[in-house]
Each structure stands twice: as structure tokens, then as C-alpha cells.
Amino acid sequence: MTFTATDRAIACIKGIATGDAIGKQTEMLSREEIVRWYPHGVRGFEGEPGAIIARYASNRKREWRIGETTDDTERTIAVARAILADGDVSHVSVGRELLRCTKCMHIGIPSLWEFHQAADPARVAVAHDGCGAAVRVAPVGILFASTALQQLVRGAQEASISTHGGSLAIAAAAAVAAAVSAAIDGASSQQVFELAEEAAAVAEQQGVFAAAIRNVHDRVASVPSLTSAAVASWCFPDRPLTIVPLALGLATGMRSAEEASLLAANVGGDSDSVASIAGGILGAMYPDRVNEEWYQTVESVNQHGLVEIAAGLARLRRSC
């Protein structure tokens, strides 16, 4: 089957949003806690769409709902809107759109809290190495073709620095943007990984992040069959050098956004970030394997209008 760049961009954004919502059900849980909450494992949306996820009932920060997306999708949409407004990636425009975001804006997430407290769209962060930049950077990968590596890295940095100024965060964002871009160009899994690795190396001179994604990629490639228990034992996603590397490992070692999202959800840790990043890349690689029923649930609960946003980005796609 032949897919256009628009087909792949739409599937990418659908994969991000569905992975985000599926993964949110187990975010920050250990494997043991997942088994306790979901004795049969996470097999999709576990409950009625729109109902409060049981473990978030009476949560003082937010009672997350089944099918609801998190700040990962909210901020991906913000980056997309900034690009659609300017036809390019500018941290000031990205900052302006990010200030409109409301989810996960509390002191427990310093990168977002400090940015919103400053209330300055032109602010440039000088710290923070979390994955918050990587989870929102897919629109940069849709904007620039994979032949435009320097523009991809620059765009990833511009999309990052409002909240994340650490070298690992920027390298992670560059790697994800490059992977999305290569996937939209119809690259193979190996080519997607190689461009992600190259982008990370360009963005971060020390090469720490590039080495981390290589290690996880090689581990995933060496395992005949991935299981959530096994993955959790050697790459539990709870810090910068495991979250995005695992997402990229799953994205380049699996063949379905649906399967990668379920695996991430059953691993736990930062499951929504892993599932959204892997889901976005795999959606772009294999558009016909995005779970459309999941997407309709996400759209009915959130009313994002993601198809129109993704199609608009695809129309701006350029190689230089």
C-alpha cells in the first residue's frame, strides 16, 4: 500500500494521542502495581470512555478520564499551532502557544511550572533534561523532510528551549523529530533509527544520549520476543536515559503503534510518554496499523481535531 506524507502525518498524530491516552492508565506505576490494578494487563481502554480512571478517583491534582490525553498531546498541539501560524519553528511562537496549555501545570513538574510562572513566551530555559521536549516535537519532524537534518535539529531546539534547556532533553527532542521525519519519508526501521542517532549526536556533542539510544535499540533487536516484564527489568522508563531511548527502541523494533502502546502501558513508569513517542513514529511508518477505534474514543473524549492539524502540517512539509 502506498501512503502519502499527509497519510503518514495524520497517522503519526493519531498514534501520539492514542498512545498517550492508553499509557496514562498506568503512568508511574511499577510492574507490581500494574498487576494489582489490571490483573489481566492493559488491553486497551480499561473502562467506559470518559469515566474517571479508577486509580485517579479523588486525585487532588486531576481526576484523569479514560481516553483523555495528557500534556504530552496538549503540548504537541501547541507546537503544531505555532508552526501552522508561522510556517516555521520559533521558540517565541512555541512559547506563546505553550502558555495556553493547562495540564500538568504544578510545582511537581518544575520545567513546566517555572515556564508558566515566568509567563514569558520568549523565555529560554537553562536547565531540565526530562522528556517533556521530546514528547511534543513530532510537528517539527512533520515540517522538515529527513534530508534537512540541520533544520530538524534546529527546529527541535526551538521547540524545546521554552521549558527544557538541558543537553539531554534537546538531544532527545532532535532524535524524535528526526525519527518522525524519516518515518514520514517512508524510511525503513533501520534508517529511522540511524537518522535519530545522527540527530542526537549533532544536538549533543558529548554523545551520551546517542549512546543510550544505541544500547536500547541493540537490546530490543537482540530479543526474539518482547514482554512487558522483561522490558521493565532492564529498561524501566523513569529517567531521561531510559524514557526516550525505550520509546525509540520500541518504535524501531516493533511494527505497530497499537502493540507498542500496549507494551509501554504494561511496562509502567513514564508509560504515556513512551507510548506516545513510539506510537507517533510507528503511526507514521505503518499508518494502516493505528487503532482507529482507539482514535475515535480519544477524539470523542478530547475534541482535539487532530486530523485537520496534521494535514495542515503536512502541507507545509519541506526539505530545506
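Bear in mind that the values in this text are calculations on the coordinates, not laboratory data. Worth saying up front: this structure is predicted, and the values here are computed from it rather than measured. With ideal geometry, Cβ positions are generated from the backbone for all residues, glycine too; neighbour counts draw on all protein chains shown.
Points worth noting:
- Translational diffusion of the chain, µm² s⁻¹ [Kirkwood Rh, Cα pairs; Stokes-Einstein; 10 °C; 1.306 mPa s]: 85 µm²/s
- Within the listed set Asp71, Asp272, Asp238, the residue fluctuating most in the Gaussian network model of the chain (springs between alpha-carbon atoms under 10 angstrom) is Asp238.
- Using 0.36 nm per residue and subtracting the Cα-Cα separation, the extra length available between Ala57 and Cys320 on full extension is 89.9 nm.
- Derived scalar couplings ³J(HN,Hα) [the range 52-64; Karplus, 6.51 cos²θ - 1.76 cosθ + 1.60; whole Hz; x for Gly, Pro]: 5, 4, 3, 6, 9, 4, 6, 5, 6, 8, 6, 8, 5
- All-pairs alpha carbon distance profile, the range 1-145, 10 Å steps from 0, percent: 10, 35, 33, 19, 3
- Debye log10 I(q)/I(0) at q = 0.23, 0.24, 0.26, 0.31 Å⁻¹ for the range 72-125, Cα point scatterers: -0.84, -0.90, -1.03, -1.27
- Charged neighbours of Val35, selected by a Cβ distance under 14 Å, balance to +1 (K, R count +1; D, E count -1).
- Spin-label model distance (nm) - Ser225 vs Glu33, 7 Å beyond Cα toward Cβ: 2.9 nm
- Length gained on full extension, Gln190 to Val208, computed as 0.36 nm times the residue gap minus the Cα-Cα distance: 4.5 nm.
- Ranked Ile83, Ile13, Ile277, criterion: other C-beta atoms within 10 Å, fewest first: Ile83, Ile13, Ile277
- log₁₀ of I(q)/I(0) at q = 0.13 Å⁻¹ - the range 14-99, Debye sum with one point per alpha carbon: -0.53
- Ranked by how many other beta carbons lie within 10 Å on average, peptides 154-160, 219-225 from highest: 154-160, 219-225
- Karplus-derived 3J(HN,Hα), 6.51/-1.76/1.60, for each residue of the range 203-219, Hz, glycine and proline x: 6, 10, 4, 5, x, 5, 6, 4, 5, 5, 6, 5, 4, 5, 4, 5, 5
- Three-way shape call for the range 157-209 based on the alpha-carbon gyration tensor, with the a/c threshold at 1.5: oblate
- Within-11-Å neighbourhood charge of Ser93 [Cβ basis; K, R +1; D, E -1]: -2
- Glu68 long-range amide H proximity, modeled H, under 5 Å: Gly50
- Within the range 172-320, the percentage of alpha carbon pairs spaced more than 29 angstrom apart rounds to 14%.
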